[in-house]
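Take a look at the structure below.
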Amino acid sequence: GLTEYNANNGYTCVIPYYRNGIIQGFVLRNTRPNLPKETPRYLYSSGLGRGGYCDTLKQGGPAVIVEGQMDAIRLIQAGITNVIAMGGAKISNDIGNLLKSRNIDDVTYIPDLEYNEQGEKKTDIIKEAIKGFQSVQADGERVIRTLYVTEIPTPEGANLNGLKIDADTYGKEHGAAALEELLSFEGLPWYQWEFNALLQWGYKEDNVEFSVMEGKIREIYTRCNNPFERERIRQYVTCKEVKHIFEAFGITP
């Protein structure tokens, strides 16, 4: 539980974890701002682990997935109850099993909005999370069939150097209505989000060669084994809106 030592070190928020109405353990959340990197933000009861559980998930979904437990709590308080936290930036097999048990295969992912010290958006973490969503399995079968990515908007005029915003801080600052609005529109299909990030990277790097860009596009395509989404990728790459962009890199239908 919450010891005096932990409380004095900033772990002042206690989150009980239930399963079938019985408390399985507790998560302690450090609420201090500007926490040093070496200090964990969460402490877990022995045996609880980092699995994110949420018994408000409805049978058949769809589900909203966030990174932190506080993000999930903020969404639930805003009336968005079909939500679960990963306890980090990568989905676990425990959550995969839970999603399958609830017959959920349609997921909207809200990643944390992060910029490095140079003010550049950190997209690699989101790309790795997308790969995790695509590969997570339960009983030998792929769990997630449809994946959307909904980004938290960057605050206008904000200093981007080292900026980090998650669903919890965004909801705290802008209120429940902002969180509801964030999810009122369909997010980007995962492949469209990845292509957009890839194009932004390509424009930023003047020395990108055709073979590099082609290889990255091929990696995105081959990672997907869903025939329906593969066809949508083909259509997206050759549609009028982005066709001329890819052709600028020497990539044609």
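Could we say that Asn196 is at pLDDT 90 or above and either farther than 26 Å from Pro33 by Cα or open to solvent by 50 Å² or more (accessible area, probe 1.4 Å) (or both) here?
no
Collect the residues in segment 110-144 that are out of contact with any Pro (no Cβ under 6 Å at 6 or more places or on another chain), open to solvent by less than 40 Å² (accessible area, probe 1.4 Å) and not in a loop (DSSP other than H, G, I, E, B), keeping them in residue-number order.
Leu113, Glu114, Tyr115, Ala129, Ile130, Gly132, Phe133, Gln134, Ala138, listed by residue number.
Of the conditions (1) over 27 Å from Tyr148 (Cβ atoms); (2) out of contact with any Lys or Arg (no Cβ under 9 Å at 6 or more places or on another chain); (3) among the charged types (D, E, K, R), Lys100 satisfies every one except a single condition; which number is it?
The single condition Lys100 does not satisfy is (1).
Condition check: of a type in the set (Gly, Ala, Ser), loosely packed, with under 12 Cβ neighbours inside 10 Å, over 17 Å from Tyr109 (Cβ atoms) and modelled with pLDDT of 85 or more. Does Gly79 satisfy that?
Criteria met by Gly79.
When you check Leu147 against the structure, is it touching a residue at least 40 places away in the same chain (Cβ under 8 Å), assigned to a strand (DSSP E or B) and either of a type in the set (S, T, N, Q) or surrounded by 14 or more Cβ atoms within 10 Å (Cβ to Cβ) (or both), yes or no?
yes
Tell me, yes or no, whether segment 29-41 has at least one residue that is open to solvent by less than 40 Å² (accessible area, probe 1.4 Å), free of Cβ contacts under 8 Å to residues at least 60 places away in the same chain and either in contact with a helix residue (DSSP H, G or I) (Cβ under 6 Å, 6 or more places away or on another chain) or under 23 Å from Ala178 (Cβ atoms) (or both).
Checked against the condition, which is being open to solvent by less than 40 Å² (accessible area, probe 1.4 Å), free of Cβ contacts under 8 Å to residues at least 60 places away in the same chain and either in contact with a helix residue (DSSP H, G or I) (Cβ under 6 Å, 6 or more places away or on another chain) or under 23 Å from Ala178 (Cβ atoms) (or both), segment 29-41 yields at least one hit.
Do we have Pro16 as of a type outside the set (Lys, Arg) and within 22 Å of Thr169 (Cβ to Cβ) here?
no
I'd like to check which strands (runs of 3 or more DSSP E) are fully inside segment 1-101 and have at least 1 residues that are within 30 Å of Phe185 (Cα to Cα) and in contact with a Cys (Cβ under 6 Å, 6 or more places away or on another chain).
83-85
Identify all residues within segment 150-173 that are loosely packed, with under 12 Cβ neighbours inside 10 Å, among the polar types (S, T, N, Q) and touching a strand residue (DSSP E or B) at 6+ places or on another chain (Cβ under 8 Å); write none if there are none.
Correct list: Asn161 only.
Of all residues being within 22 Å of the chain's Cα centre (by Cα) and of a type in the set (A, V, I, L, M, F, W, C) in segment 1-28, which is surrounded by the most Cβ atoms within 10 Å (Cβ to Cβ)? Just the residue, please.
The residue in question is Leu28.
Could you please find all residues in segment 84-135 being among the aromatic types (Phe, Trp, Tyr), under 13 Å from the mean Cα position of the chain (by Cα) and over 20 Å from Leu179 (Cα atoms)?
Within segment 84-135, Phe133 is the sole residue that qualifies.
In segment 99-109, which residue that is open to solvent by 10 Å² or more (accessible area, probe 1.4 Å) and in contact with a Gly (Cβ under 6 Å, 6 or more places away or on another chain) is nearest to Asp166 (Cα to Cα)?
Top of the filtered list is Thr108.
Which condition from (1) in a loop (DSSP other than H, G, I, E, B); (2) over 16 Å from Val149 (Cβ atoms); (3) touching a residue at least 12 places away in the same chain (Cβ under 8 Å) is the one that Gly202 breaks?
It fails just one condition, (1).
The values are calculated or read from the model by the stated rules, or taken from the named source; none is laboratory data. Computed from a predicted structure; not experimentally measured. Don't worry about glycine lacking a Cβ; one is built from the backbone with ideal geometry, like all the others, and counts go over all protein chains shown. Surface areas here come from the heavy atoms of the whole protein model, side chains and all, with no ligands, DNA or RNA. Shrake-Rupley method; radii C 1.70, N 1.55, O 1.52, S 1.80 Å.
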